[in-house]
Amino acid sequence: MNIVGKILFLYLFIYGVIVSACAQSVRGMVTECASREPLPGVTVKIAGTNIGSTTDNNGQYRIDNDILKNNKYTLEFSFIGMQTVRSDGKAVNVNATAVINICMEDATFQLDEVVVEAKSPVQRVRETSFNVIAVDTKTLRNTSLDISHALDRVSGAKVRETGGTGSTSQVSLNGFSGRHVKIFMDGMPMEGFGSSFRLGNIPVHVAERIEVYKGVVPIELGSDALGGAINIVTGQSHRTFVDASYSFGSFNTHKSNISFGHTVKNGLFVRLNVYQNYSDNNYKVKTRLLNLENNAYSREDQWFHRFHDNYHNEAAIIRVGVARKPWADRLQAELTVSNEKQDIQNANLMKIVYGGRQRQARSIIPALMYEKKNLFVENLNLRISSNYSFSRNNNIDTLARQYNWMGEYRDKTFKGEGQYTMGEYNNSNASVSTGLSYRLGEHHRFSFNNVYSHFRRKATDAVANSETSTAATFMRRTNAKNVMGLSYRFELSKLWNISAFAKRYDVIVRGPINVSTTSTEVYKEQQRKFGTNGYGIGATVHPGAGWQLKTSAEQAYRLPSENELFGDESLEKGDAGLKPENSLNLNLNISYEHAFNKIHSLYFDAGLIYRNTRDYIRRRIEQRYGGAFYSNHGQVRNLGADIEARYFYRKMFSIGGNFSYQDIRNMEQFSADGKKLIYYRDRMPNVPYLFGNIEANYYINNCFGQGNVLSFGYNMRYVHAFFRDWESEGGDIIIPEQLSHDLSILYSIRNGRYNVAFEVLNITNEILYDNYSLQKPGRSFSVKLRYSFFK
């Protein structure tokens with residue numbers, strides 16, 4: 001280096017030292033007040049100027065500028081969906097680097113005395129390009145609802161139950177039900193979790209929000225869903241809290257829940273959730289009576305009490321971990337333990353009744369989750385989740401009896417009311433989900449996700465199974481599948497963005513296959529493989545204030561579920577030879593949200609869907625014994641629409657509702673042997689096609705004291721009549737029109753710390769069905785007490 005270079009280097013060095021010593025700066029961290037989670041993308045600026053910065057993925061910001069020298073300033077923090085915060089009272093006196101950490105609350109519309117949530121995390125989910133609805137469960141925690149009944153209030157969604165508390169329930173989204181709709185908890189698939197831990201028995205308290213994806217599903221869920229997906233997002237708050245509730249209701253129904261959470265200063269946290277459900281389910285049903293002497297059913301329906309339908313379920317979820325560490329934004333270990341015992345009162349046809357059948361299930365689910373933002377380089381984020389589910393199942397049917405609805409029975413010459421069994425089966429399911437995302441600049445985002453799962457069923461009690469076993473009993477039953485996705489998102493501005501993605505599906509199924517060409521079943525253990533690619537695109541635009549337009553398209557595939565492949569060893573028979581479904585899905589949605597004159601608020605959403613599905617997996621009922629089985633059904637087309645509207649007035653009144661129509665028709669014109677099908681273009685049987693609900697709430701604020709609220713709620717549900725069988729084949733059996741009304745009264749004391757709720761469901765005691773002949777409970781009453789404390 002020559003003399004000129006040395007002088008220049010020395011000059012630059014001295015200049016840098018002086019500038020570093022004299023330059024003033026302010027830095028800090030921005031978090032969300034409720035969860036204490038870092039908030040990326042927050043705009044931080046000096047009030048009254050354009051000088052500022054933006055928080056990074058760790059919620060960190062820094063402002064360096066000469067203007068800060070020897071002056072006092074007020075900082076302003078703003079973020080879409082959060083209340084703007086000013087550092088008033090904490091003006092920056094910058095004679096050295098200042099540190100200001102703040103937290104931000106969810107934004108609100110100040111409607112006079114009303115507060116209507118604006119762009120909370122729920123609404124930020126809605127603003128993606130996917131056809132998604134996010135349900136905030138905070139307003140439902142004083143009710144006795146479980147997760148499935150909360151979903152019953154979502155537009156385009158219909159929950160179909162087979163009975164009362166603990167009964168099997170299936171979620172229908174835009175006409176696709178059962179296992180066409182995939183269920184997730186915190187992004188992890190719930191397949192293989194066992195019947196003791198499912199939507200119908202998980203209380204709404206467990207969830208912070210429920211995301212409902214209708215149609216196209218983002219790759220982050222790693223889903224092979226066809227009809228959509230449901231993601232239960234549990235609470236991630238690092239605050240100390242206790243939430244306890246107990247409810248008692250008709251049919252000797254008891255439900256209780258205790259939640260606890262605490263975080264210490266070093267980031268270590270613990271969360272516990274324990275709940276139980278119990279019911280005698282002894283409500284009345286109207287059905288035909290079997291004459292045990294001549295084996296004939298009565299011509300007219302009669303009323304009977306259910307006498308063998310007790311149900312109880314207990315579960316505990318514990319989470320321990322650390323958060324906001326240099327090496328991990330979140331590291332969490334989780335253990336879920338659940339137990340279930342259920343009497344089986346009837347088959348899939350109500351007239352076939354049992355008096356001794358029952359099933360039991362126990363499951364243990366350990367899980368581990370790791371999350372790190374800015375991994376190695378800025379804007380590269382990693383999330384790894386894994387779980388292992390082990391469930392033990394007993395199906396017991398040993399009585400050599402035949403019952404009728406009077407509780408009377410006659411002895412039989414062979415064991416078993418339905419199919420003799422006392423066997424024990426173990427299901428195990430391992431899942432690993434890995435997600436990577438990278439943001440390049442302000443406009444580009446790349447994501448990768450891979451979900452691998454392996455299911456195995458094994459008959460474990462050879463002695464119990466020996467009397468009822470067949471050649472297929474001890475054959476291996478495994479289902480290994482992998483769904484890999486890659487996506488790209490381009491966001492030119494906050495007004496519009498577009499996403500494109502691709503998925504790879506691979507599955508290996510091993511199980512018993514019926515290879516017989518006659519009526520006598522002959523099973524052989526076989527292995528089948530399948531692999532294919534899917535792809536899709538989605539876009540959203542905000543054409544004006546409050547307006548949003550979404551559209552998406554996808555070539556999707558759904559791999560058969562474990563129950564479809566292997567049955568439930570009780571009332572459902574599987575088929576390991578089922579083909580995967582594939583479908584072209586199109587969605588178009590428009591929504592509007594606005595506040596008027598600080599008094600009124602309006603929300604509106606409307607959507608259109610198109611589905612063209614091949615190898616549709618259809619669940620069918622065997623009429624003689626009431627069992628269920630699955631089969632592929634050629635081609636099915638669905639054209640549908642749903643609409644939702646809600647209105648809020650001050651903090652006094654709200655009313656809203658949704659309405660859904662879905663035209664699901666058979667488009668298979670010829671049978672396998674070339675004959676023309678008479679039911680070509682018929683509606684698919686046993687599927688509701690027209691339904692909706694309306695709800696209204698009235699609030700009396702500061703009732704009998706400051707911070708106390710007395711509220712009255714009303715909910716109405718409607719389902720139009722639909723055919724059980726193909727209409728063109730002379731199907732004259734219909735599931736009748738359903739119209740039910742619910743009322744609730746809630747008194748909340750001291751800003752929600754103490755709560756008392758009274759509910760009446762099905763006030764007019766209507767006969768309600770979701771499935772042909774499987775009657776739901778009549779009018780019921782319940783009282784719920786809840787205590788909630790947050791620090």
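The values are calculated or read from the model by the stated rules, or taken from the named source; none is laboratory data. Predicted model, so just to flag it, every value in this text is computed and none were measured. Here Cβ is always computed from backbone atoms with ideal geometry, including for glycine, and neighbour counts include all displayed protein chains. Heavy atoms of the whole protein, side chains included, go into the accessibility calculation; ligands, DNA and RNA do not. Shrake-Rupley method; radii C 1.70, N 1.55, O 1.52, S 1.80 Å.
Would you check if there is a residue in the range 745-755 being part of a loop (DSSP other than H, G, I, E, B), of a type in the set (Phe, Trp, Tyr) and free of Cβ contacts under 8 Å to residues at least 40 places away in the same chain? Checked the range 745-755: no residue is part of a loop (DSSP other than H, G, I, E, B), of a type in the set (Phe, Trp, Tyr) and free of Cβ contacts under 8 Å to residues at least 40 places away in the same chain. What's the total number of residues in the range 271-296 that are of a type in the set (A, V, I, L, M, F, W, C) and open to solvent by 50 Å² or more (accessible area, probe 1.4 Å)? Total satisfying the criteria: 2. Please verify whether ARG330 is buried (at least 21 other Cβ atoms within 10 Å of the Cβ), charged (D, E, K, R) and over 30 Å from TYR409 (Cβ atoms), treating the condition exactly as stated. Considered against the rule, which asks whether it is buried (at least 21 other Cβ atoms within 10 Å of the Cβ), charged (D, E, K, R) and over 30 Å from TYR409 (Cβ atoms), ARG330 comes out as no.
Being more than 26 Å from the chain's Cα centre (by Cα) and either in the same structural domain as ASN252 (by TED's automatic domain parsing) or at pLDDT 90 or above (or both) is the requirement here; does GLY713 meet it? So GLY713 fails the test. If you go through the range 501-524 and keep only what is buried (at least 18 other Cβ atoms within 10 Å of the Cβ) and farther than 30 Å from LYS415 by Cα, you end up with PHE501, LYS503, TYR505, VAL507, VAL509, ARG510.
Candidates ASN450, ASN394: the one that is within 23 Å of SER561 (Cα to Cα), open to solvent by less than 80 Å² (accessible area, probe 1.4 Å) and at pLDDT 90 or above is ASN450.
Taken over the range 134-170, residues that are part of a strand (DSSP E or B), touching a residue at least 12 places away in the same chain (Cβ under 8 Å) and open to solvent by 10 Å² or more (accessible area, probe 1.4 Å) amount to 7. Taken together, ALA576, ALA628 contain a single residue that is buried (at least 21 other Cβ atoms within 10 Å of the Cβ) and at pLDDT below 85, which is ALA576.
Counting just the residues of the range 525-538 that are open to solvent by 30 Å² or more (accessible area, probe 1.4 Å) and in contact (Cβ under 8 Å) with a residue 40 or more places away in the chain, which one comes out nearest to the chain's Cα centre (by Cα)? Lay out the reasoning, then the answer.
Start the filter on the range 525-538 by keeping residues that are open to solvent by 30 Å² or more (accessible area, probe 1.4 Å), which leaves 525-531, 533, 535, 537.
Subset that is in contact (Cβ under 8 Å) with a residue 40 or more places away in the chain: 525-526, 528, 530.
On the way: GLU525: 35, GLN526: 34, ARG528: 30, PHE530: 27 Å.
The selected residue is PHE530.
Tell me, please, whether a residue that is assigned to a strand (DSSP E or B), in the same structural domain as GLN402 (by TED's automatic domain parsing), at pLDDT 95 or above and more than 23 Å from the chain's Cα centre (by Cα) can be found in the range 289-301. No, every residue in the range 289-301 fails to be assigned to a strand (DSSP E or B), in the same structural domain as GLN402 (by TED's automatic domain parsing), at pLDDT 95 or above and more than 23 Å from the chain's Cα centre (by Cα).
Beta carbons closer than 9 Å, at least 6 apart along the sequence or on distinct chains, pair a first residue in the range 372-388 that is at positive phi with a second that is in a strand (DSSP E or B) and aromatic (Phe, Trp, Tyr) for ASN379/TYR438.
Looking across the range 326-338, the residues that are out of contact with any Asp or Glu (no Cβ under 8 Å at 6 or more places or on another chain) and assigned to a strand (DSSP E or B) come down to GLN332, ALA333, GLU334, LEU335, THR336, VAL337.
Within the range 515-523, is even one residue farther than 30 Å from ILE344 by Cα, modelled with pLDDT of 90 or more and not small (Gly, Ala, Ser)?
Quick first cut of the range 515-523, residues farther than 30 Å from ILE344 by Cα only: 515-518.
Filter once more, keeping what is modelled with pLDDT of 90 or more: none.
So far as the range 515-523 goes, no, none of its residues is farther than 30 Å from ILE344 by Cα, modelled with pLDDT of 90 or more and not small (Gly, Ala, Ser).
Can you find a residue that is in a loop (DSSP other than H, G, I, E, B) and modelled with pLDDT under 90 anywhere in the range 312-325? I'd like the intermediate steps shown before the answer.
In the first step, residues of the range 312-325 are kept if they are in a loop (DSSP other than H, G, I, E, B); the result is none.
The answer is no, given that none of the residues of the range 312-325 is in a loop (DSSP other than H, G, I, E, B) and modelled with pLDDT under 90.
Quick check on the range 723-744: of everything there that is part of a strand (DSSP E or B) and open to solvent by less than 60 Å² (accessible area, probe 1.4 Å), which residue is nearest to PHE248 (Cα to Cα)? Quick ask: steps written out before the conclusion?
We begin by selecting, within the range 723-744, every residue part of a strand (DSSP E or B); these are 723, 734-735, 738-744.
Adding the requirement that they be open to solvent by less than 60 Å² (accessible area, probe 1.4 Å) leaves 735, 738, 740-742, 744.
Details: ILE735: 31, GLN738: 26, SER740: 21, HIS741: 20, ASP742: 17, SER744: 14 Å.
Step by step, filter the range 723-744, then rank; the result is SER744.
Of the residues making up the range 539-573, those that are in a helix (DSSP H, G or I) and open to solvent by 30 Å² or more (accessible area, probe 1.4 Å) number 1. In the range 405-413, is there at least one residue being within 18 Å of PHE184 (Cβ to Cβ) and open to solvent by less than 50 Å² (accessible area, probe 1.4 Å)? So far as the range 405-413 goes, no, none of its residues is within 18 Å of PHE184 (Cβ to Cβ) and open to solvent by less than 50 Å² (accessible area, probe 1.4 Å).
Given the structure, is ILE508 part of a strand (DSSP E or B), modelled with pLDDT of 90 or more and either more than 24 Å from the chain's Cα centre (by Cα) or of a type in the set (Phe, Trp, Tyr) (or both)? Before the answer, list the steps.
Working: part of a strand (DSSP E or B): yes; modelled with pLDDT of 90 or more: yes; either more than 24 Å from the chain's Cα centre (by Cα) or of a type in the set (Phe, Trp, Tyr) (or both): yes.
Yes: the conditions hold for ILE508.
Please determine whether any residue of the range 699-710 is of a type in the set (A, V, I, L, M), within 30 Å of PHE304 (Cβ to Cβ) and surrounded by fewer than 16 Cβ atoms within 10 Å (Cβ to Cβ). Checking the range 699-710: not a single residue is of a type in the set (A, V, I, L, M), within 30 Å of PHE304 (Cβ to Cβ) and surrounded by fewer than 16 Cβ atoms within 10 Å (Cβ to Cβ). Only one of the numbered conditions (1) open to solvent by 90 Å² or more (accessible area, probe 1.4 Å); (2) touching a His at 6+ places or on another chain (Cβ under 8 Å) is violated by ASN429, and that is (1).
In the range 393-447, how many are assigned to a strand (DSSP E or B) and small (Gly, Ala, Ser)?
First, pick out the residues of the range 393-447 that are assigned to a strand (DSSP E or B): 393-397, 401-403, 409-411, 421, 424-440, 444-447.
Pick out the ones that are also small (Gly, Ala, Ser) and you get 428, 430-431, 433, 435, 437, 447.
The total comes to 7.
Looking across the range 769-791, the residues that are over 23 Å from ASP280 (Cα atoms) and surrounded by fewer than 20 Cβ atoms within 10 Å (Cβ to Cβ) come down to TYR787, PHE789, PHE790, LYS791.
For the range 468-500, the candidate set comprises residues that are open to solvent by 20 Å² or more (accessible area, probe 1.4 Å), touching a helix residue (DSSP H, G or I) at 6+ places or on another chain (Cβ under 8 Å) and part of a strand (DSSP E or B); within that set, the residue that is farthest from ASP397 (Cα to Cα) is SER487. Check the range 221-238 and report whether any residue there is within 24 Å of ASN277 (Cα to Cα) and hydroxyl-bearing (Ser, Thr, Tyr). Yes - at least one qualifying residue is present in the range 221-238.
Test ARG681 against the stated conditions and say whether it is closer than 30 Å to ARG619 by Cβ, without any contact (Cβ under 8 Å) to a residue 24 or more places away in the chain and of a type in the set (Lys, Arg). Write out each step before concluding.
Working: closer than 30 Å to ARG619 by Cβ: yes; without any contact (Cβ under 8 Å) to a residue 24 or more places away in the chain: yes; of a type in the set (Lys, Arg): yes.
Yes.
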